[in-house]
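Here the structure is laid out as structure tokens; the discussion comes afterwards.
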Protein chains: 2
Amino acid sequence: MAKEENKKMVEDITSMDVDFAQWYTDIVKKAELCDYSSMKGCIILEPAGQAIWEMIHDNLDKRFKDTGVQNVAMPLFIPESLLQKEKDHVEGFAPEVAWVTMGGLEPLAEKCCVRPTSETLFSDYYARKVHSYRDLPKDYNQWCSVVRWEKTTRPFLRSREFWWQEGHTCHATLEDAQWRTETMLNVYADFCEQDLAIPVIKGQKTEKEKFAGAVETYSIEALMHDGKALQAGTSHNFGDGFAKAYDVTFTDKDNQLKHVFQTSWGVTTRLIGALIMVHGDDSGLVLPPKVAPTQVIVIPIAAHKEGVMEKATEIAEDLKKNYRAKLDDSEKSPGFKFAEAEMRGIPIRVEIGPKDIEAGKAVLVRRDTREKIEVELDKIEEEVGKLLETIQNDMLVRAREHYAAHTSVAHNFDELKAVIDSNPGFVKAMWCGDRACEDKIKEELAVTSRNIPFEQEHVGDVCVCCGKPAKKMVYWGRAY
Amino acid sequence: MAKEENKKMVEDITSMDVDFAQWYTDIVKKAELCDYSSMKGCIILEPAGQAIWEMIHDNLDKRFKDTGVQNVAMPLFIPESLLQKEKDHVEGFAPEVAWVTMGGLEPLAEKCCVRPTSETLFSDYYARKVHSYRDLPKDYNQWCSVVRWEKTTRPFLRSREFWWQEGHTCHATLEDAQWRTETMLNVYADFCEQDLAIPVIKGQKTEKEKFAGAVETYSIEALMHDGKALQAGTSHNFGDGFAKAYDVTFTDKDNQLKHVFQTSWGVTTRLIGALIMVHGDDSGLVLPPKVAPTQVIVIPIAAHKEGVMEKATEIAEDLKKNYRAKLDDSEKSPGFKFAEAEMRGIPIRVEIGPKDIEAGKAVLVRRDTREKIEVELDKIEEEVGKLLETIQNDMLVRAREHYAAHTSVAHNFDELKAVIDSNPGFVKAMWCGDRACEDKIKEELAVTSRNIPFEQEHVGDVCVCCGKPAKKMVYWGRAY
């Protein structure tokens, strides 16, 4: 029975080299991150997926609060009339919202939509709450789910309902709004690199790609294992556009009535998709220690032998004092437990059997490299601590290497066309700034501008598409 | 300016003896716990309210996980066909759900409702995931908001959308389900008493009052300052009713295919309403230290004088090491700051001015009793720690005294009628078990059975309503 289960868990995974999309879906299912639901296009976050999202939540929430952000909770619904006040915004979202038309047994006097995002609700709230410069800034955020009626969906990457945080802030000046916009982009980038071990490119979205209603949109872009890009977070400066549409004004120090300046910024459960596609391998998920719900799992070998379970329990209890540790005392075979711990991406497993105990040792196995390290029993805690740090650092280094190896330069359209297939990944190329070139590149190559990076490099003088003088260096890629 | 603001903050509050309902609403608004939104019947949790909810979340979530519960996230929507599988359940909820009939620009083939509760979604999920006794138990919970299209609403007590947690579990035997049902009721009761300082009565709901689809419903009932009862949490044993409706089966150890046994249990943002109405006074909220987002606030007196702000900052920084402490360094007057700290219910304020500094002392002021305690500067941390414990204990003692003083006994209908007005609160009275008596008491006195307490007392032999032989002692009351 045990052997059969063990075999089953491994054989069910498609190799990522054979079929990347299927490999991704297999991990999502086998690691029990999420499941499809009877509500078409909506997923269920299962315990393992929810636990990762809670790690992301706790970590980011602390970072937000350190910058002065406070949490609130806005209604789930937006009355139709409220949604329609900002023209660009409603045009951007109306085609994909879910409409509530009946409450109880009666039709509603005014239909309302389930929030696709909450700029409208926050603006309406700020219009009532903000009166004086003393009321500013308002730096609010909420953790919730939002709904966009997508036609095609993929777990974590695109679903009709997804979980996210959305920060919405209000400021006295455009400069303050810009500071908040950039600060949050930096928080996201730092979190991705330091905690998720995912390197990202910080930059500005083009006019074509910016958010409906924003003056400027900034993003962080990450590279997946298959060379596709993934937008991992966005931060928008709205200027006073929403303030004018929703009449959010304040009396400034000079006694003049002025419109506020607003921002919004968000990351979503997509980040779990990024974790899978940046770090995963053919045995399953590989989680960076800082966001692994379980950092170390203790697996007894020959658990029926005298003293083994006692020792394994003792080790697990000691580790729990400083790490997120677990003992696998289930009745499965050690082989099955190994496969399961690997599938779930637990950074370190501790193997302890009769021979180890006799020798006063245990074996630590790294999930990322599978390296086995023999340690003295009385040094386990210390060694686990060091190893978790090493794994976290090594994972970032490897992700950076992959990103560097899959970033090319193109000087003209033919080069761009060739390189995007020969070495799928980011392509750095100059751009004239014209929408027409962006459109052509998207249409002919299915390649989009990812962002205009803050760290500009000079990789040529002319636009990669039209050959006219170039204004900016842009990161291009095929994206999720 | 400052004086005017100070006066305004205090005069805006209605005394609870003059108009309890208005007093409640005033606190909700003035302490900025929540605000009305443009979406009728839906509230906005403002930072102070959300922060309390996060304290409740963090504390309860840890207690849940200690009993083996794992978190998940289910979809927001329930397809109509799924909602309709359990007859009692759909009858209970259909009249008050919000229906989504359009997705994007197109009508839906099947309408779906926004979850009023998620038994149906969990049962559907379990039907797919549970196969063997090895898959049991499933002890899952989610933190989310739910929607019930209520006609009349009151902040925290009744609104169209509210925030809660809903646990949904699956077991191999009825006994296991009953253990989980009672365990969670005990978790709620212990949390209310130990952390919220709110004494509660644990007991079973009558047939009339039980949850749609449940075999047994249990509740904890609390008493508000005005003598009205508030159901503070519920826990349901569903037997195998949902399992049969949703076909949730498993192969047991004896190789027989059996239906699982299920439970659900929840507490909501109502608990914030309970905190207001159990502990609040005419100066605002009074928060128990264990769930106070800010436990101690340092307020400098004559902050412009040399050394005052430095000392106040130093004290606040020291306190932050072990407590949730804040410094109020705003430009408001001390009087305004005192009133604001009282309104927000912060358990302790520290006053520090030039004379205090000279004497090497500071003044601690208790929010609950307003007692002023002079302490040596180098003993502040220690004294604050002790005082927080004292306040937590004293608040529970006072709430227990209020509950005892407002709990009466009635032996017949006339006594019940008289006492419910002369001493509003709980009434202990015997009941024959007939629905007709319960209906009559509700109709004529607007009094409902709160629960049949686990701790039965013998307060008579005959039913308080019909005079026939009684079966059980029941807590009765007028309820929110």
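From (1) part of a loop (DSSP other than H, G, I, E, B); (2) within 11 Å of another protein chain (Cβ to nearest Cβ); (3) within 18 Å of B:Q165 (Cβ to Cβ), pick out the condition that doesn't hold for B:E32.
(3)
Would you mind listing the helices (runs of 4 or more DSSP H) fully within segment B:355-465 where at least 3 residues are surrounded by 15 or more Cβ atoms within 10 Å (Cβ to Cβ) and in contact (Cβ under 8 Å) with a residue 40 or more places away in the chain?
Details: elements: B:380-405, B:413-422, B:435-445.
Qualifying helices (runs of 4 or more DSSP H): B:380-405, B:413-422.
Here's a check for you: in segment A:233-245, which residue that is touching a residue at least 60 places away in the same chain (Cβ under 8 Å) and crowded, with 23+ Cβ neighbours inside 10 Å is nearest to A:R398 (Cα to Cα)?
The extreme case among them is A:N237.
From the list B:L230, B:L275, B:L257, B:L271, pick out the single residue that is over 22 Å from the mean Cα position of the chain (by Cα) and among the aliphatic types (A, V, I, L, M). Give the steps one after another, and end with the answer.
Values: B:L230 fails: over 22 Å from the mean Cα position of the chain (by Cα); B:L275 fails: over 22 Å from the mean Cα position of the chain (by Cα); B:L271 fails: over 22 Å from the mean Cα position of the chain (by Cα).
Matching residue, one of B:L230, B:L275, B:L257, B:L271: B:L257.
Quick check on this structure: which one of B:F242, B:F211, B:F238, B:F261 is modelled with pLDDT under 95, in contact with a Ser or Thr (Cβ under 9 Å, 6 or more places away or on another chain) and aromatic (F, W, Y)? Break it down into steps so the answer makes sense when it comes.
Values: B:F242 fails: modelled with pLDDT under 95; B:F238 fails: modelled with pLDDT under 95; B:F261 fails: modelled with pLDDT under 95.
Going through B:F242, B:F211, B:F238, B:F261 in turn, just one is modelled with pLDDT under 95, in contact with a Ser or Thr (Cβ under 9 Å, 6 or more places away or on another chain) and aromatic (F, W, Y): B:F211.
Go through segment B:139-171 and give me each residue that's over 18 Å from the mean Cα position of the chain (by Cα) and over 30 Å from A:P107 (Cβ atoms). Working first, answer last.
In the first step, residues of segment B:139-171 are kept if they are over 18 Å from the mean Cα position of the chain (by Cα); the result is B:139-140, B:149-152, B:168-171.
Within segment B:139-171, B:D139, B:Y140, B:H168, B:T169, B:C170, B:H171 meet the criteria.
Just one of the numbered conditions (1) within 19 Å of A:L287 (Cβ to Cβ); (2) more than 29 Å from the chain's Cα centre (by Cα) is not true of A:V308; which one?
With respect to (1) within 19 Å of A:L287 (Cβ to Cβ); (2) more than 29 Å from the chain's Cα centre (by Cα), A:V308 is out only on (1).
What is the one condition in (1) more than 9 Å from chain A (Cβ to nearest Cβ); (2) under 30 Å from B:T169 (Cβ atoms) that B:V100 does not satisfy?
Condition (1) is where B:V100 drops out.
Those residues that are more than 22 Å from B:W143 (Cα to Cα) and in a strand (DSSP E or B), I need them from segment B:101-129; list them, please.
Within segment B:101-129, B:T101, B:M102, B:G103, B:E106, B:P107, B:L108, B:A109, B:E110, B:K111 meet the criteria.
Name the residue that is nearest to the chain's Cα centre (by Cα), counting only residues in segment B:118-133 that are more than 10 Å from every other protein chain (Cβ to nearest Cβ) and hydroxyl-bearing (S, T, Y). If you could, list the steps in order and put the result at the bottom.
Kept after step one, since they are more than 10 Å from every other protein chain (Cβ to nearest Cβ), are these residues of segment B:118-133: B:118-119, B:123, B:126, B:130-133.
Now narrow it down to the ones that are hydroxyl-bearing (S, T, Y): B:118, B:123, B:126, B:132-133.
On the way: B:S118: 19, B:S123: 26, B:Y126: 28, B:S132: 36, B:Y133: 35 Å.
Among residues in segment B:118-133 that are more than 10 Å from every other protein chain (Cβ to nearest Cβ) and hydroxyl-bearing (S, T, Y), the one nearest to the chain's Cα centre (by Cα) is B:S118.
May I ask you to say which residue of A:E166, A:E110, A:E119 is assigned by TED's automatic domain parsing to the domain that holds A:G233, surrounded by fewer than 20 Cβ atoms within 10 Å (Cβ to Cβ) and of a type in the set (D, E)? Please lay out each step first, then the result.
Values: A:E166 fails: surrounded by fewer than 20 Cβ atoms within 10 Å (Cβ to Cβ); A:E119 fails: surrounded by fewer than 20 Cβ atoms within 10 Å (Cβ to Cβ).
None of the others qualify; the one that does is A:E110.
May I ask you to list the residues in segment A:11-64 that are β-branched (V, I, T) and crowded, with 18+ Cβ neighbours inside 10 Å?
Here is the first cut: in segment A:11-64, the residues β-branched (V, I, T) are A:13-14, A:18, A:25, A:27-28, A:43-44, A:52, A:56.
Result: A:I13, A:I27, A:V28, A:I43, A:I44, A:I52, A:I56.
Just one of B:L230, B:L185, B:L223, B:L174 is assigned by TED's automatic domain parsing to the domain that holds B:W265, surrounded by fewer than 18 Cβ atoms within 10 Å (Cβ to Cβ), in contact (Cβ under 8 Å) with a residue 12 or more places away in the chain and among the aliphatic types (A, V, I, L, M); which is it? Working first, answer last.
On the way: B:L230 fails: surrounded by fewer than 18 Cβ atoms within 10 Å (Cβ to Cβ); B:L185 fails: surrounded by fewer than 18 Cβ atoms within 10 Å (Cβ to Cβ); B:L223 fails: surrounded by fewer than 18 Cβ atoms within 10 Å (Cβ to Cβ).
Only one candidate qualifies: B:L174.
B:L136 fails exactly one of the following numbered conditions: (1) in contact (Cβ under 8 Å) with a residue 60 or more places away in the chain; (2) more than 10 Å from every other protein chain (Cβ to nearest Cβ); (3) over 15 Å from the mean Cα position of the chain (by Cα); (4) more than 28 Å from B:Q256 (Cβ to Cβ). What is the number of that condition?
Evaluating B:L136 over (1) in contact (Cβ under 8 Å) with a residue 60 or more places away in the chain; (2) more than 10 Å from every other protein chain (Cβ to nearest Cβ); (3) over 15 Å from the mean Cα position of the chain (by Cα); (4) more than 28 Å from B:Q256 (Cβ to Cβ) leaves (4) as the failure.
Of everything in segment B:40-64 that's without any contact (Cβ under 8 Å) to a residue 40 or more places away in the chain and within 11 Å of chain A (Cβ to nearest Cβ), which residue is farthest from B:M277 (Cα to Cα)? Can you show your working first?
Just the residues of segment B:40-64 that are without any contact (Cβ under 8 Å) to a residue 40 or more places away in the chain, to begin with: B:44, B:46-47, B:50, B:58, B:62.
This time we only want the ones that are within 11 Å of chain A (Cβ to nearest Cβ), so: B:44, B:46-47, B:50, B:58.
Details: B:I44: 20, B:E46: 19, B:P47: 20, B:Q50: 18, B:D58: 22 Å.
Once the filter is applied, the top-ranked residue is B:D58.
Have a look at B:F156, B:F162, B:F122 and point out the one that is on the phi > 0 side of the Ramachandran plot and modelled with pLDDT of 95 or more. Quick ask: steps written out before the conclusion?
On the way: B:F162 fails: on the phi > 0 side of the Ramachandran plot; B:F122 fails: on the phi > 0 side of the Ramachandran plot.
Of the residues listed, the single one that is on the phi > 0 side of the Ramachandran plot and modelled with pLDDT of 95 or more is B:F156.
Which members of segment B:288-310 meet the condition of being in a helix (DSSP H, G or I) and surrounded by 19 or more Cβ atoms within 10 Å (Cβ to Cβ)? Don't jump to the end; show me each part of the working.
Here is the first cut: in segment B:288-310, the residues in a helix (DSSP H, G or I) are B:289-291, B:308-310.
Across segment B:288-310, the qualifying residues are B:P289, B:K290, B:V291.
For (1) free of Cβ contacts under 8 Å to residues at least 60 places away in the same chain; (2) at the interface with chain B (Cβ under 8 Å from one of its Cβ atoms), each residue gets a yes or a no:
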site: A:I78; (1), (2): yes, yes
site: A:F93; (1), (2): no, no
site: A:E106; (1), (2): yes, no
site: A:R115; (1), (2): yes, no
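Which one of these is of a type in the set (A, V, I, L, M) and in the same structural domain as A:Y323 (by TED's automatic domain parsing): A:V419, A:V375, A:V427? It would help to see each step written out before you state the result.
Details: A:V419 fails: in the same structural domain as A:Y323 (by TED's automatic domain parsing); A:V427 fails: in the same structural domain as A:Y323 (by TED's automatic domain parsing).
Step by step, each of A:V419, A:V375, A:V427 is checked, and only A:V375 is of a type in the set (A, V, I, L, M) and in the same structural domain as A:Y323 (by TED's automatic domain parsing).
Considering segment A:215-227 alone, what residues qualify as being over 18 Å from A:F454 (Cα atoms) and touching a helix residue (DSSP H, G or I) at 6+ places or on another chain (Cβ under 8 Å)? Full working, then the answer.
Residues of segment A:215-227 over 18 Å from A:F454 (Cα atoms): A:224-227.
Matches in segment A:215-227: A:M224, A:H225, A:D226.
Within segment B:65-76, count every residue that is more than 9 Å from chain A (Cβ to nearest Cβ) and either outside any loop (DSSP other than H, G, I, E, B) or surrounded by 20 or more Cβ atoms within 10 Å (Cβ to Cβ) (or both).
Filtering segment B:65-76 down to residues more than 9 Å from chain A (Cβ to nearest Cβ) leaves B:65-69.
When the remaining residues are screened for being either outside any loop (DSSP other than H, G, I, E, B) or surrounded by 20 or more Cβ atoms within 10 Å (Cβ to Cβ) (or both), the result is B:65-66, B:69.
The number of residues fulfilling the criteria is 3.
When segment B:130-141 is examined, which residues are found to be outside any helix (DSSP H, G or I) and surrounded by fewer than 18 Cβ atoms within 10 Å (Cβ to Cβ)? Outline the logic, then answer.
Applying the first criterion (outside any helix (DSSP H, G or I)) to segment B:130-141 yields B:130-132, B:136-141.
Correct list: B:H131, B:S132.
Please count how many residues of segment B:275-312 are among the charged types (D, E, K, R) and over 30 Å from B:G425 (Cα atoms).
So in segment B:275-312, the residues among the charged types (D, E, K, R) come out as B:281-282, B:290, B:305-306, B:310-311.
Narrowing further to those that are over 30 Å from B:G425 (Cα atoms): B:305-306, B:310-311.
Here the count works out to 4.
Looking at segment B:80-88, can you tell me whether even one residue there is under 22 Å from B:F211 (Cα atoms), facing chain A (nearest Cβ under 7 Å) and acidic (D, E)? Steps first, answer last, please.
Taking segment B:80-88 and keeping what is under 22 Å from B:F211 (Cα atoms), we get B:80-88.
Subset that is facing chain A (nearest Cβ under 7 Å): B:82.
Those still in the list that are acidic (D, E) too: none.
Scanning segment B:80-88, I find no residue that is under 22 Å from B:F211 (Cα atoms), facing chain A (nearest Cβ under 7 Å) and acidic (D, E), so the answer is no.
What's the total number of residues in segment B:244-286 that are of a type outside the set (K, R), part of a helix (DSSP H, G or I), over 29 Å from B:D58 (Cα atoms) and touching a strand residue (DSSP E or B) at 6+ places or on another chain (Cβ under 8 Å)? Before you say what the answer is, go through the steps one by one.
Quick first cut of segment B:244-286, residues of a type outside the set (K, R) only: B:245-252, B:254-257, B:259-269, B:271-286.
Filter once more, so that each one left must be part of a helix (DSSP H, G or I): B:245-246, B:271-279.
Cutting the leftovers down to over 29 Å from B:D58 (Cα atoms) gives us B:245-246.
So of that shortlist, the ones also touching a strand residue (DSSP E or B) at 6+ places or on another chain (Cβ under 8 Å) come out as none.
Result for segment B:244-286: 0.
The values are calculated or read from the model by the stated rules, or taken from the named source; none is laboratory data. Since this is a predicted model, take the numbers as computed values, not measurements. Reconstructed Cβ throughout: ideal geometry from the backbone, glycine too, with neighbour counts over all protein chains shown.
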